[in-house]
Amino acid sequence: MKLADVSIRQPVFITMVMGAIVVLGLVAYSMIAVDLFPDISMPIVAVSTAYQGAAPEEVETQVTKPIEEVLSSLSGVEKVRSTSSEGISVVIVLFKLETDPRRAATDVRDKVTSIRNKLPRDVFEPVIDRFDPSAAPIISFGVVSRNEGTSLPEVRSLVEDEIKPSLERIDGVGSVQIIGGLEREVHVDVDFARLQARGISIAQVVQALRMENLNLPAGRLSEGGHEILLRTQGEFRSVEEIGNVIVASPSGVPIYLRDIALVSDGYKEQRAISRLNGKNCVIFTVTKQSGSNTVTVAEAVRKRLAQIQERLPQLELRLSSDESEFIRDAKNEVMQSLVFGALFASVVVLFSFGNFRNTLITVAGLPVCIIGAYAVMYALGFTLNVITLLALSLSVGLLIDDAIVVRENIFRHTEELGKDPYTAAKDGTAEVGLAVTATTLTVVAVFLPVALATGVVGKFMREFGVTVAVAVLISLFEAFTFAPVLSAYFFKKTDSKAHGVSGRFMKRAMGMYDALNEVYQPALRWSLKHRKTVVALSILLFAGSLLLLRVIGTGGSPRGEKKEFNITLQYAPGINIDRSDALTRRFEDILKKQPEITDIFTVVGTTDGAVDQAVLHVRLKPEVEKPRAYQDKIRPMLETIAGAKITFQDASSFTGAAATAFAQLPVLVNVRGKDLAEISRAAEELKSRLATVSGLVDLSLSLRPPKPELQVNIDRQNAAQ
């Protein structure tokens with residue numbers, strides 16, 4: 001074989017080639033992004049539109065339906081679904097899998113912009129979110145005051161002015177979201193009796209404030225060879241300036257805002273309350289940029305927060321959730337499996353050859369194959385995740401197969417045919433070259449189609465198939481280059497009469513194989529004489545294995561055992577923030593008494609303004625081995641509190657309506673129809689039947705009773721008088 005001949009004649013060159021592969025692989029390993037799973041960005045886009053104070057029916061007819069209609073006309077749309085609730089509309093567009101996610105988001109944004117003027121004037125600007133798991137919240141913290149001198153509003157201000165800008169400057173950080181605390185707001189409480197007495201409408205007050213709070217450019221002024229910019233300073237600098245705004249001037253007499261209203265410095269109405277172990281706090285969540293290294297970004301955030309903690313000793317920063325911890329643990333476990341697999345494969349080779357030198361020559365190329373695969377993974381844009389590491393772990397045996405075949409044949413040429421190592425390396429490699437190539441290409445032909453699969457599974461398993469194929473091809477190259485070189489220059493003929501450690505080990509290994517052969521030969525002879533019996537037993541074993549499929553559980557991606565979880569509390573529609581907060585505190589009191597729990601992060605309400613739900617993020621002690629079993633333990637304790645629907649979910653950062661719409665529970669049943677009342681009845685009946693199924697917990701419906709409302713019917717004739 002020419003490749004092997006060139007390698008044997010140029011040992012320095014081929015050694016440098018192997019060294020280059022290792023160096024490139026190590027550099028790529030230091031730069032490759034680390035994540036839990038491969039990037040499976042789906043062409044799914046959500047449009048969130050806030051319409052404060054609007055009932056679900058108004059949101060549906062005035063906001064959701066116009067957006068649905070315009071988005072349904074986009075090319076490549078497979079499905080459009082929506083959720084209309086109080087003050088918020090969420091429309092989710094699912095495109096065909098072959099659609100580019102970025103192009104889909106751009107098309108949705110253009111369509112929504114085209115109908116912006118058709119939506120109610122008071123709606124907020126629609127927010128376009130692309131479903132991108134690689135640009136997700138990765139770490140969140142709770143911030144509390146260490147002393148009574150720092151109030152909650154000051155904590156919020158420090159987080160907004162000091163922590164958030166500092167974190168957003170970190171490479172790889174996409175955004176920082178803040179939840180909880182008190183935000184400053186200037187209140188203008190109008191006295192309507194004084195308005196009527198002076199003949200002023202509320203619209204005049206609003207218009208006066210809007211027109212006065214402006215900075216306007218006024219051009220340029222040239223004087224004495226200099227040019228000066230002119231700008232009118234109209235923005236308010238203090239509460240007193242707001243009170244001095246002239247609302248109207250009837251008969252030339254100015255009427256100031258302070259004459260008809262009370263202007264005060266206060267805080268925004270709280271629609272979200274956050275706590276850490278029962279103490280009011282401010283929670284911030286860090287979202288990474290798409291494609292960035294989760295572990296690296298999280299470590300950079302932690303380091304920056306450690307510096308901020310030194311600068312702001314009055315604050316206590318407590319970790320709420322860190323996705324990088326689970327990713328790091330999962331990566332370390334798979335890497336450990338990879339190392340153990342390589343060691344066990346080496347032991348098998350050692351027992352096969354019975355010689356330490358031959359074993360070392362055979363397995364020397366294994367690190368080259370694995371490290372070299374990292375370089376190709378980085379070049380293809382893959383991440384270091386449990387799927388790619390699993391591919392490398394499973395392929396350890398395949399990677400060493402080629403070298404074993406080549407080495408074993410070289411060994412035969414040396415020991416049995418009496419050739420010198422140099423000649424044996426050339427002849428032995430050439431003799432099995434075609435067989436080794438065929439075997440390797442067969443493995444590639446098995447795994448590479450996995451990367452070409454379509455659908456969600458194809459997106460998920462693409463990196464698996466490519467990684468195995470690349471690693472096996474590198475092993476083929478190594479078997480025809482590096483293995484012959486090592487055999488030609490470092491191999492020594494074994495002495496069957498050697499009395500050293502290697503000789504004694506070889507004798508024992510051969511003795512073990514002889515004993516195994518004594519058992520195997522009679523079994524083989526019996527099998528050949530009773531062929532029908534062997535075939536029948538094989539069929540029975542195969543059928544029995546098929547029956548086991550009914551016992552083994554099935555699912556999608558594996559679910560790890562995080563030492564944390566979320567408890568979602570859903571209250572009755574119409575509940576106010578105070579009652580919702582009081583009920584949530586009762587759940588907190590029960591959880592505080594559990595010795596296995598270290599921290600409880602609480603958020604009452606949502607970032608979108610809904611106050612009829614709360615989320616408890618629970619962190620457990622490291623010694624709790626089975627968090628899911630612990631959830632079953634505390635569920636009966638929490639169910640003693642009436643007035644809330646309890647749902648246990650995997651730990652995640654606190655997010656808004658779009659993310660809630662994206663999230664799905666392990667089992668989700670869709671009930672569709674044209675009549676909402678009929679759908680509601682069918683869903684309730686289905687829920688009651690599913691409640692009898694063993695193993696199902698936390699059953700709930702997405703359709704909720706309407707929030708109580710007070711309707712005002714205007715008498716248009718009387719109003720016109």
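Brief remarks on what is shown
- Residue check, residue 414 at pLDDT below 85, in a helix (DSSP H, G or I) and buried (at least 17 other Cβ atoms within 10 Å of the Cβ): yes
- Qualifying residue in the range 131-143 (condition: hydrophobic (A, V, I, L, M, F, W, C), within 30 Å of residue 57 (Cα to Cα) and modelled with pLDDT under 90): yes
- Neighbours by Cβ (under 6 Å, 6+ apart or cross-chain): first from the range 377-391, modelled with pLDDT of 90 or more; second in a helix (DSSP H, G or I) and surrounded by fewer than 24 Cβ atoms within 10 Å (Cβ to Cβ): 378/28
- Residue selected from the range 474-522 under the condition hydrophobic (A, V, I, L, M, F, W, C), over 51 Å from the mean Cα position of the chain (by Cα) and exposed (fewer than 11 other Cβ atoms within 10 Å of the Cβ), by the criterion modelled with the highest pLDDT: 519
- Residue match in the range 289-309 (condition: touching a Pro at 6+ places or on another chain (Cβ under 6 Å) and closer than 30 Å to residue 385 by Cβ): no
- One residue from 453, 435, 445 being surrounded by fewer than 21 Cβ atoms within 10 Å (Cβ to Cβ) and not in a helix (DSSP H, G or I): 453
- Elements of the type helices (runs of 4 or more DSSP H) sitting completely within the range 36-122 and holding at least 3 residues that are within 30 Å of residue 456 (Cβ to Cβ) and out of contact with any Pro (no Cβ under 7 Å at 6 or more places or on another chain): these cover 65-71, 101-114.
- Of the residues making up the range 124-134, one or more are in contact with an Asp or Glu (Cβ under 8 Å, 6 or more places away or on another chain) and surrounded by fewer than 19 Cβ atoms within 10 Å (Cβ to Cβ).
- All positions within the range 392-407 that are more than 21 Å from residue 460 (Cα to Cα), hydrophobic (A, V, I, L, M, F, W, C) and in contact (Cβ under 8 Å) with a residue 60 or more places away in the chain: 398, 399, 400, 403, 405, 406
- Each residue in the range 266-320 was checked for being under 15 Å from the mean Cα position of the chain (by Cα) and among the hydroxyl-bearing types (Ser, Thr, Tyr), and 6 of them qualify.
- Residue in the range 171-192 that is out of contact with any strand residue (DSSP E or B) (no Cβ under 8 Å at 6 or more places or on another chain) and in the same structural domain as residue 101 (by TED's automatic domain parsing) present: yes
- The condition of being of a type outside the set (D, E, K, R) and assigned to a loop (DSSP other than H, G, I, E, B) holds for only one of 214, 221, that being 214.
The values are calculated or read from the model by the stated rules, or taken from the named source; none is laboratory data. What you are looking at is a predicted structure, and each value in this text was computed from that prediction instead of being measured. Heads up, the Cβs are rebuilt from the backbone with ideal geometry, glycines too, and the neighbour counts pull from every protein chain shown.
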